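What follows is one structure encoded as structure tokens, with my remarks underneath.
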Amino acid sequence: MRPALELTSVPPWAVTATRPRADTSGRYWTVVAFGADGDEVVRDWSDEIYAAGRESGLRIHRVAEHDADAACAALAADVAGARVGWRLMLAGPANACLRVRAAALELGIADDEITVASTDVGLRTVQCVHCRAVTSVRAELEDVVPCAGCGRNLVVYYHVSRRQGAHLGFMIDAEEVAS
């Protein structure tokens, strides 16, 4: 039985592609565009921020489509000089955005300071509870995928670690007795 997604730790934008409006309530922004699809969203956000007359505090970082490492580095550099009214906006694949969100939360950024536009929700990062290996795979929630570390068949579960930015994966038949 599927749980109601709003009762899980999976953000809605990690299940269904989203394109929210820019958060123009801030005074300073770090905006990350992952690839061409993310860049398209960021152009619209920039237009909204310029229309609000707030472009002086806008910093845009363009990274490769799944380069969460580069995005995390840009985030860390910008947070070091952040001021009151700072916002983070991410546009790109949900799995990359989840990882950057995890880094942001680790840095003390609150969820209400983060806006995410997900451009692709099919690729998921799954962390195995048995061997801790991380597997990136195209899968839906509840799909069964092989672990890249231990080879167990993992259920892609309705839980996203806020610290890891990855879905929980556990062995589908862990409670069955081997015959």
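The values are calculated or read from the model by the stated rules, or taken from the named source; none is laboratory data. This one's a predicted model, so the numbers in the text were calculated from it and none came from an experiment. We place every Cβ from the backbone using ideal geometry, glycine too, and count neighbours over all the protein chains shown.
Annotations
- One residue stands out among those in segment 69-109 that are in contact with a helix residue (DSSP H, G or I) (Cβ under 9 Å, 6 or more places away or on another chain) and without any contact (Cβ under 8 Å) to a residue 40 or more places away in the chain: the one that is farthest from GLY57 (Cα to Cα), which is ASP69.
- Residue in segment 161-173 that is among the basic types (Lys, Arg), part of a loop (DSSP other than H, G, I, E, B) and either assigned by TED's automatic domain parsing to the domain that holds GLY38 or farther than 19 Å from SER9 by Cα (or both) present: no
- Residues in segment 145-162 that are under 11 Å from LEU98 (Cβ atoms) and out of contact with any strand residue (DSSP E or B) (no Cβ under 6 Å at 6 or more places or on another chain) were compared, and the one that is modelled with the lowest pLDDT is ARG162.
- Subset of segment 102-119 (residues that are of a type in the set (D, E, K, R) and over 9 Å from LEU88 (Cα atoms)): GLU106, ASP111, ASP112
- When the residues of segment 1-38 are filtered to those that are charged (D, E, K, R) and under 23 Å from ALA82 (Cβ atoms), the one that is farthest from the chain's Cα centre (by Cα) is ARG27.
- Some residue of segment 5-27 being in contact with a Pro (Cβ under 7 Å, 6 or more places away or on another chain) and either in a helix (DSSP H, G or I) or outside the structural domain of ILE114 (by TED's automatic domain parsing) (or both): yes
- Some residue of segment 149-170 being surrounded by 19 or more Cβ atoms within 10 Å (Cβ to Cβ), within 15 Å of the chain's Cα centre (by Cα) and closer than 30 Å to ARG83 by Cβ: yes
- Pairs linking a residue in segment 25-45 that is closer than 11 Å to PRO93 by Cα to a residue that is polar (S, T, N, Q), with Cβ atoms under 9 Å and 6 or more positions apart or on different chains, are PHE34/THR119; GLY35/THR119; ASP37/THR119; GLY38/THR119.
Matching residues to (1) out of contact with any Lys or Arg (no Cβ under 7 Å at 6 or more places or on another chain); (2) assigned by TED's automatic domain parsing to the domain that holds GLU65; (3) farther than 24 Å from ASP44 by Cα; (4) hydrophobic (A, V, I, L, M, F, W, C):
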{"residue": "PRO93", "(1), (2), (3), (4)": "yes, yes, no, no"}
{"residue": "ARG132", "(1), (2), (3), (4)": "yes, no, yes, no"}
{"residue": "ALA139", "(1), (2), (3), (4)": "no, no, yes, yes"}
{"residue": "VAL156", "(1), (2), (3), (4)": "no, no, yes, yes"}
{"residue": "HIS159", "(1), (2), (3), (4)": "yes, no, yes, no"}
{"residue": "GLU176", "(1), (2), (3), (4)": "yes, no, yes, no"}
